[in-house]
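One structure is given below, encoded as structure tokens.
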Amino acid sequence: KICVVVLLFTLLLTILFINGERLGIEVIIDEDAENHSGSVYFTENDLNGSWDTSSATIIHLDGSSAHISGSGAYFYNGNLVISAAGNYVLSGILEDGCIVVDAHRTSKVWLLLDGVEISNIDDACLRVEQAEKVFVTLAEGSENRLDSGENYSAEALAGKRGGAIFARDDLTINGSGNLEINSGYKHGIDANDDVVLAGGSISITAAGDAVHVKESLR
């Protein structure tokens with residue numbers, strides 16, 4: 001009897017899945033998913049530079065440390081690590097450190113830069129090590145700056161990091177603020193995956209390319 005019930009339930013789910021739209025069931029498509037193969041060049045999230053910050057984790061960088069109010073982030077070995085999907089609002093100064101996004105491979109991470117200055121003498125200032133997609137939003141009226149040095153550390157070179165911003169996964173920059181990037185070693189933005197520039201005023205001075213992308217630049 002249990003087998004019959006399970007079989008009937010499976011058949012019902014299959015029918016609903018195949019005929020869902022005709023039955024009025026709304027199909028939700030994640031355009032920002034890595035495996036999505038649609039023809040949309042800019043998703044709604046790419047173009048949304050004013051997302052809701054009411055439930056965001058608030059982070060104030062304070063030279064060589066950070067004050068964190070909320071979950072999903074911690075400070076370790078001079079770097080601010082974002083370890084979970086969600087919204088994060090950042091401000092302040094980080095000296096000789098980095099923002100590292102290292103979350104689950106299906107995580108989407110939103111970073112709002114609202115007056116951020118980061119310098120790193122021997123590595124990237126923003127590293128996306130793992131996430132499905134990271135959105136860097138430049139807050140309205142904000143001035144943000146990333147400065148990386150001319151000689152990268154052995155660890156950075158071993159990790160093949162080559163820019164003030166380095167991303168292994170999809171990266172979007174949007175919003176209406178300003179971002180100045182100065183890279184003494186190789187590129188301003190160095191990305192292994194897709195890069196979307198959908199807003200903001202971005203100024204890049206680099207030893208190599210302003211934007212160096214292995215997949216697509218939009």
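The values are calculated or read from the model by the stated rules, or taken from the named source; none is laboratory data. Since the model is a prediction, treat every value here as computed from it, not as a measurement. Because the Cβ atoms are built from the backbone with ideal geometry, glycine has one as well, and the counts that use them run over all protein chains shown. Accessible surface is based on the protein model in full, side chains and every heavy atom, while ligands, DNA and RNA are left aside. Shrake-Rupley method; radii C 1.70, N 1.55, O 1.52, S 1.80 Å.
With respect to the conditions (1) at pLDDT 95 or above; (2) under 16 Å from the mean Cα position of the chain (by Cα); (3) open to solvent by less than 20 Å² (accessible area, probe 1.4 Å), Asp32 lacks only one, and its number is (1). The residue that is modelled with the highest pLDDT, among those in the range 12-29 that are β-branched (Val, Ile, Thr) and outside any helix (DSSP H, G or I), is Ile29.
Do we find that Gly163 is crowded, with 24+ Cβ neighbours inside 10 Å and in contact (Cβ under 8 Å) with a residue 12 or more places away in the chain in this structure? In short, yes. Which of the residues that make up the range 109-135 are assigned to a strand (DSSP E or B), among the acidic types (Asp, Glu) and within 15 Å of Ala191 (Cβ to Cβ)? Passing the criteria: only Glu129.
Evaluation of Ala131 against the conditions (1) open to solvent by less than 50 Å² (accessible area, probe 1.4 Å); (2) farther than 22 Å from Val81 by Cβ; (3) of a type in the set (A, V, I, L, M, F, W, C); (4) out of contact with any Leu (no Cβ under 7 Å at 6 or more places or on another chain) shows that the sole unmet condition is (2). Just the residues that are part of a strand (DSSP E or B), within 16 Å of Leu171 (Cβ to Cβ) and not aliphatic (A, V, I, L, M), please, taken from the range 88-108. If the condition is that a residue be part of a strand (DSSP E or B), within 16 Å of Leu171 (Cβ to Cβ) and not aliphatic (A, V, I, L, M), then Tyr88, Asp102, Lys108 are the ones that fit.
Within the range 188-218, can you find the residues that are part of a loop (DSSP other than H, G, I, E, B) and over 17 Å from the mean Cα position of the chain (by Cα)?
If the condition is that a residue be part of a loop (DSSP other than H, G, I, E, B) and over 17 Å from the mean Cα position of the chain (by Cα), then Ala207, Gly208, Asp209, Ala210 are the ones that fit.
Flag set for Gly188, criterion: modelled with pLDDT of 95 or more and surrounded by 21 or more Cβ atoms within 10 Å (Cβ to Cβ). Figure legend. Inter-residue proximity from the range 30-44: first residues over 13 Å from Asp194 (Cα atoms), second residues modelled with pLDDT under 70, beta-carbon distance below 8 Å, spacing 6+ or different chains. Indicated pairs: Asp30/His36; Glu31/Gly38.
Against the criterion of being assigned to a strand (DSSP E or B), among the β-branched types (Val, Ile, Thr) and either open to solvent by less than 10 Å² (accessible area, probe 1.4 Å) or closer than 15 Å to Asp32 by Cβ (or both), Thr172 qualifies.
None of Ser183, Ser119, Ser153 is more than 30 Å from Asn35 (Cα to Cα), open to solvent by less than 50 Å² (accessible area, probe 1.4 Å) and in contact with a Ser or Thr (Cβ under 7 Å, 6 or more places away or on another chain) except Ser183.
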